[in-house]
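*Asks:* Just dropping this structure here.
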Amino acid sequence: MKIVRKRLIVSVSIIIALVLTGWLVLGTRQAQRSKLAVTFSHFETHHDVEYAVIKVTNVSARSASCYGYGWELPFYYVVSVSGTNWSWDYSPGFEWDKARPVKLQPGASMAVRTDVPIPEKWVVGIPYSDATTDETLPRRVWLLFQRFNPVKKRESIAWSETLTRRTKPTNIVPPLAAPTPTTAQRPTPTTTPIR
């Protein structure tokens, strides 16, 4: 009887130790999530189209992934105030078939050219998540994995401060080269506001 009790106590102690270790590891992992900061730099005009240039910086100790068409071309949202609600009408459309992960190492930053909407005030958001090993797969395999993966990654959005056309430029990034038709991320016709 004493042997059974000792084995039971040892088994319960081992289970408690494993549960506590797992809880501590998961708790630390969640505390070390990646974090991006979005800062306004300046306005640019190319081919009679006005752009707001922002700087996206990884301010955490963990790598982050944005998704988009390549470096300095991540997907982004342009959101403006519409009465008591937020309007997403000026956010460009995304072509997921052409997407790929854009990895930002800790401390790294990139300049991003975003559209300037019609409303006077707006914010820009960059969706991102923690970088994972599945992003090293070839693009087509990664896209399939994204579509059919039952376990979705937790995604966050880094928001800028409220921007207006009178926002004072900080010029923290140099002027960018003029966009070409293949690099310009323009709103799709479905994103224009309905009047």
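*Asks:* Provide a single number: the residues in region 146-173 that are modelled with pLDDT under 70 and assigned to a loop (DSSP other than H, G, I, E, B).
*Replies:* 5
*Asks:* Do the conditions hold for residue 12, that is, is it at pLDDT below 90, farther than 26 Å from residue 143 by Cβ, in a helix (DSSP H, G or I) and among the aliphatic types (A, V, I, L, M)?
*Replies:* Yes: the conditions hold for residue 12.
*Asks:* Picking from 143, 176, which residue would you name as being in a loop (DSSP other than H, G, I, E, B) and either modelled with pLDDT of 80 or more or surrounded by 15 or more Cβ atoms within 10 Å (Cβ to Cβ) (or both)?
*Replies:* Testing whether each residue is in a loop (DSSP other than H, G, I, E, B) and either modelled with pLDDT of 80 or more or surrounded by 15 or more Cβ atoms within 10 Å (Cβ to Cβ) (or both) leaves just 176.
*Asks:* Now for a separate question. Search region 101-124 for residues being buried (at least 18 other Cβ atoms within 10 Å of the Cβ) and of a type in the set (D, E, K, R), and hand back the single one that is modelled with the lowest pLDDT.
*Replies:* Among them, the one singled out is 115.
*Asks:* Now for a separate question. Would you confirm whether or not region 49-58 contains a residue that is within 30 Å of residue 140 (Cβ to Cβ), among the basic types (Lys, Arg) and outside any helix (DSSP H, G or I)?
*Replies:* No, that holds for no residue.
*Asks:* Now, a different point. So is residue 52 assigned by TED's automatic domain parsing to the domain that holds residue 169, among the aliphatic types (A, V, I, L, M) and within 15 Å of residue 37 (Cα to Cα) or not?
*Replies:* no
*Asks:* Still on this structure, I have one more. Out of region 78-100, which residues are in contact (Cβ under 8 Å) with a residue 60 or more places away in the chain and surrounded by fewer than 19 Cβ atoms within 10 Å (Cβ to Cβ)?
*Replies:* Matches in region 78-100: 87, 89, 92, 93.
*Asks:* Next up: Among the residues of region 81-127, write down those that are within 13 Å of the chain's Cα centre (by Cα) and under 25 Å from residue 167 (Cα atoms).
*Replies:* Within region 81-127, 109, 110, 112, 124, 125, 126, 127 qualify.
The values are calculated or read from the model by the stated rules, or taken from the named source; none is laboratory data. Only a predicted model underlies this, so the values are computations on that prediction, with no experimental measurement involved. With ideal geometry, Cβ positions are generated from the backbone for all residues, glycine too; neighbour counts draw on all protein chains shown.
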